[in-house]
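In what follows, a single structure is set out as structure tokens and then discussed.
Nothing in this text is a laboratory measurement; each read-out follows from the coordinates by a stated rule. Keep in mind the model is a prediction, meaning the values are calculated, not measured. Note: ideal-geometry Cβ built from the backbone for every residue, glycine included; neighbour counts use all protein chains shown.
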Amino acid sequence: MAMTTTYLTVTLIASIAALGGAVLNLTGHRIPVTEAQRLSVPMEWLRFPIGVAYALGLLGLLVGVAVPAVGIVAAAGFVALFVLAIGAHVRVGDRSLGRAVAGLALASATLLVTATWAAGRDDLGGVVSAYVNDLPDPWWPVVVLAVIQIGDAAMCFKPVGFIAQCFTDVGLPRALWPVMPWVKVAATAGLVAGLWVPYVGALTSAALVVYFVCAVSAHVRARDFGRNLALNATLSLVMCVAVFVFCFLR
């Protein structure tokens, strides 16, 4: 009970800090802007990757309450983020390391406490493990979906014609265009990992279902009822639902 209380307290503090970091960077607040100028960090990096990293880390910490493995990955990601932040300070000879060092200390404590708490539970999959197969069955649709996602990622790094047109038609802000390929890369990694660690694949395919529901909604909202809605969004949604239900769930 004491370990659980400690874990929840540290996770709450880290989540509040992550929320603050996400809001400040995504809105272009003067605090991160001033620091970016001092460290010669490009302004466009505040939203992506920095702001997005904070937001994803926050989501990971919250999901980690139910699925400890996700919380461990999120905390480790924050450790890496603040190590890079300290490196940026050192690179330009800036000694105002207070926030970066405090962030690293909090992230390290979160990682240590989360890992200790998870080890005590002896179940990194948490609540998800009870509902997924020991291994995906059949496995080949997972591979097919992973190949499609990495193909999409390759086409999104420098958006090819029909993808750029799709982004434009649904009104996706240009600032978010660089985020899309990394979403696909992360999805590919999660699906491939799911071949050996099924709860990771189940969570990834569930996240893809949510992603493509949002994509379909964006097309409908923009009254874009052409090929992009049918193939890029709806067909992908059906494939992700099928993989989630028939390959991963018991």
- Task: First check a/c for region 176-250, with a ≥ b ≥ c the square roots of the eigenvalues of its C-alpha gyration tensor; if it is under 1.5, answer rounded, and if not, answer prolate when a/b is larger than b/c or oblate otherwise.
- Result: oblate
- Query: Counting only the backbone N, which residues of region 156-190 are under 19 Å from the spot 7 Å out from the Cα of Ala242 toward its beta-carbon?
  - Reply: 188
- Query: Helices from the chain with mean Kyte-Doolittle at least 0.5 and a Cα length along the axis of 18 Å or more, per DSSP H: which?
  - Reply: 2-26, 68-91, 98-121, 140-157, 179-194, 198-221
- Simple label model, 7 Å out from Cα along Cβ direction - Phe157 to Val143, nm: 2.4
- Extending each Cα 7 Å along its Cβ direction at Ala164 and Ser40, get the distance between those two points in nm, one decimal. 3.1
- Message: Let me spell out the model: positive unit charges on the Cβ of Lys and Arg, negative unit charges on the Cβ of Asp and Glu, origin at the Cα centre of the chain. What dipole size does that give, in debye rounded to 20?
- Response: 640
- Subtracting the Cα-Cα distance from 0.36 nm times the residue separation, let me have the gained length for Val216 to Leu195 in nm, one decimal. 4.8 nm
- Selected from Gly98, Thr5, Ile150, residue furthest toward positive end of dipole (the chain; charges at beta carbon): Gly98
- Query: Where does the chain land at 222 nm, in deg cm²/dmol rounded to the nearest 500, when only DSSP H runs of n ≥ 4 count, each adding -39500 (n - 2.57), divided by all residues?
  - Reply: -22500 deg cm²/dmol
- Placing one equal point scatterer on each C-alpha of the chain and summing with Debye, one gets log10 I(q)/I(0) at q = 0.07, 0.10, 0.12, 0.13 Å⁻¹ equal to -0.28, -0.57, -0.81, -0.93
- Calculated diffusion of region 2-128, Stokes-Einstein form, Kirkwood radius summed over Cα pairs, 37 °C and 0.692 mPa s, µm²/s: 220
